[in-house]
Amino acid sequence: MKKYSEVNEVIRWYPSEFKRLDSKDMWKKDKINLYAHIPFCKGKCQFCPFNSMPINRQNLDEYFNTLRKEISMYAEEEYFKSKTIESIWIGGGTPSAVPIEYIKSLLDLIFEKFDIDDKCEITLETNLHDLNEEYIKEVAKTQVNRLSIGVQSFKDKYLKMMGRTYKYENIKTFFSFIRKYDLNISIDLMYRYPGQTLDEIDEEIEFIKESKDYLDHITLYSLILFPKLGTFKQVKSGKLPLQPSFNTYMEMNKRFADRLPEAGFHQYTTNHFAKDGKENVYNNDRWGFPQKECVSFGPGAFGQIKDYVYCNEHAIQDYYDKVNNNIKPVQSGKKMNLMEQASRYLVLGTKCLKVDLNLFEKMTGINPLEFYKEKIDWLLNEKMITINDNILELTKKGIALIIDVQNCFQTKNNLSYTQPQYDILDMFDGQRETYDLEVIEKDEE
Ligand SMILES: C[S@@+](CC[C@H](N)C(=O)[O-])C[C@H]1O[C@@H](n2cnc3c(N)ncnc32)[C@H](O)[C@@H]1O
Ligand code: SF4
């Protein structure tokens, strides 16, 4: 019996499956994303876990100089010479709480230091409170081409409950002038407010339908009550009613999913809806498969560079101390191994509803139908996914139960971890809600 290979040649080039290759492909710049955090707001909302603080006590020059220094430190890295930025997100906090000159000079610096794609999507996160026509005129003169506006609700009752300073009338005034400017308009809406009813969700949907000409994109956030924050305490003490039950929440999701398309907004992630061609590039790049890199600046910012996921120092003084000592202000993170990278493709990719399994195999060398066979069979049996032409796609049930879908693809180790921002803020009490499937099962009938 033949025991050894009889070839008189050692393997020197590998993989040996060579195909025609255009040298241009080898030098194509990778497209990546950029996030800059502005940790200031006019006041601090009682429900909000984001890293932000009241603006009046801050030295804006000190902050922006430090942010500029951090950006310049990264831009000096040879690594970024082979990258093109295809989306920029100036987020917060509330960037619109800061005089626009700061944002303008920040963007000028980014344009000077990085290679920016001609079609780069540049989003500015704002609070409707700040958006008068004078301000929008100034925004339109900068490189910003997209506004993400924290509207939160169209109903004065909930705007008041959440401590917002504007009313429905102000939202309508904003709509009356915004289409004069060449800006994509996205709004954030929260729901599952304490005491909110299904009829009130129908009303929110009606408001969206009436406003559809002024909107390109909608992001839905179900309100999370963080135990250490004021709104949670108000609910606990009975000052505010309880949040709708899990089943009602599921029904709310279903109403948005069923009815927003009637207004021209299709669902492209578990909580994002867009008119055709107005999907958020930043969002798709960071969460859709295959996720692209994002270099992130500012205190508490989360990013992904090379094989690393990371977050910056959260406390502003720790952030200042590192940058002023010429140290990149990373606080924690993880170098992903191949399995975590593969897992990430699917865990985050399913949030954006579709994953191309051929591409997944090409990128990882892992055949997902074999490697995740047991999990995929379960998801198919449960009718949470379909697979056609090797495209894995979530069903309505899969979208409703996204966490169960994502859990199928987590590595064993990562399953036992909560989300890092919860650890950092020490706001998560470790309790996960249990729920029954009444609404979802009903949906599938
Ligand atoms: C970083 S905030 C920026 C928006 C802007 N500062 C504002 O308040 O209008 C992004 C979005 O997160 C959402 N959000 C804030 N706190 C939340 C919570 N506790 N649960 C769910 N979503 C929340 C809100 O919809 C908010 O618009
Ligand atoms: S919800 Fe917006 S305005 Fe309120 S604290 Fe959070 S980031 Fe600031």
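Residues to consider are 71, 103; find the one that is of a type in the set (Val, Ile, Thr), away from ligand 1 (no atom under 16 Å from the Cβ), touching a strand residue (DSSP E or B) at 6+ places or on another chain (Cβ under 7 Å) and assigned to a helix (DSSP H, G or I). The match here is 71. Scanning segment 199-238 for residues that are assigned to a helix (DSSP H, G or I), modelled with pLDDT under 95 and among the aliphatic types (A, V, I, L, M) yields one hit, 235. Collect the residues in segment 116-141 that are within 15 Å of ligand 1 (Cβ to nearest atom) and either within 21 Å of the chain's Cα centre (by Cα) or not assigned by TED's automatic domain parsing to the domain that holds residue 52 (or both), keeping them in residue-number order. Once the filter is applied, which keeps residues that are within 15 Å of ligand 1 (Cβ to nearest atom) and either within 21 Å of the chain's Cα centre (by Cα) or not assigned by TED's automatic domain parsing to the domain that holds residue 52 (or both), segment 116-141 yields 123, 124, 125, 126, 127, 128. Selection of first residues in segment 375-386 that are within 16 Å of residue 400 (Cβ to Cβ) and of second residues that are of a type in the set (S, T, N, Q) and surrounded by 14 or more Cβ atoms within 10 Å (Cβ to Cβ), restricted to Cβ pairs under 7 Å at least 6 apart or on distinct chains, gives the following pairs, ordered by first then second residue: 383/395; 384/395; 385/395; 386/395. Scan segment 20-32 and give yes if some residue there is in contact (Cβ under 8 Å) with a residue 12 or more places away in the chain and buried (at least 20 other Cβ atoms within 10 Å of the Cβ), otherwise no. Scanning segment 20-32 turns up at least one residue that is in contact (Cβ under 8 Å) with a residue 12 or more places away in the chain and buried (at least 20 other Cβ atoms within 10 Å of the Cβ).
Here 23, 16, 5 are screened, and the one residue that is over 24 Å from residue 311 (Cβ atoms) and under 38 Å from the mean Cα position of the chain (by Cα) is 23. A residue that is touching a Pro at 6+ places or on another chain (Cβ under 8 Å), surrounded by 18 or more Cβ atoms within 10 Å (Cβ to Cβ) and of a type in the set (Asp, Glu) occurs somewhere in segment 307-323. Applying the condition of being exposed (fewer than 10 other Cβ atoms within 10 Å of the Cβ) and not in a loop (DSSP other than H, G, I, E, B) to segment 33-60 and asking which residue is nearest to ligand 1 (Cβ to nearest atom) yields 56. Kindly indicate whether any position in segment 177-187 is among the acidic types (Asp, Glu) and not in a helix (DSSP H, G or I). Checked against the condition, which is being among the acidic types (Asp, Glu) and not in a helix (DSSP H, G or I), segment 177-187 yields at least one hit.
For beta carbons closer than 6 Å, sequence separation of 6+ or different chains, a first residue in segment 217-228 that is under 15 Å from residue 275 (Cβ atoms) and a second that is assigned to a loop (DSSP other than H, G, I, E, B) and more than 6 Å from ligand 1 (Cβ to nearest atom), the qualifying pairs are 217/278; 218/265.
Quick grid of which residues meet (1) within 16 Å of ligand 2 (Cβ to nearest atom); (2) under 18 Å from residue 305 (Cα atoms):
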{"position": "71", "(1), (2)": "no, yes"}
{"position": "74", "(1), (2)": "no, yes"}
{"position": "80", "(1), (2)": "no, yes"}
{"position": "93", "(1), (2)": "yes, no"}
{"position": "96", "(1), (2)": "yes, no"}
{"position": "101", "(1), (2)": "no, no"}
{"position": "105", "(1), (2)": "no, no"}
{"position": "111", "(1), (2)": "no, no"}
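The values are calculated or read from the model by the stated rules, or taken from the named source; none is laboratory data. Small disclaimer: the values here were computed from a predicted structure and weren't measured. Ideal geometry is used to build each Cβ from the backbone, glycine not excepted, and the neighbour counts take in all protein chains shown.
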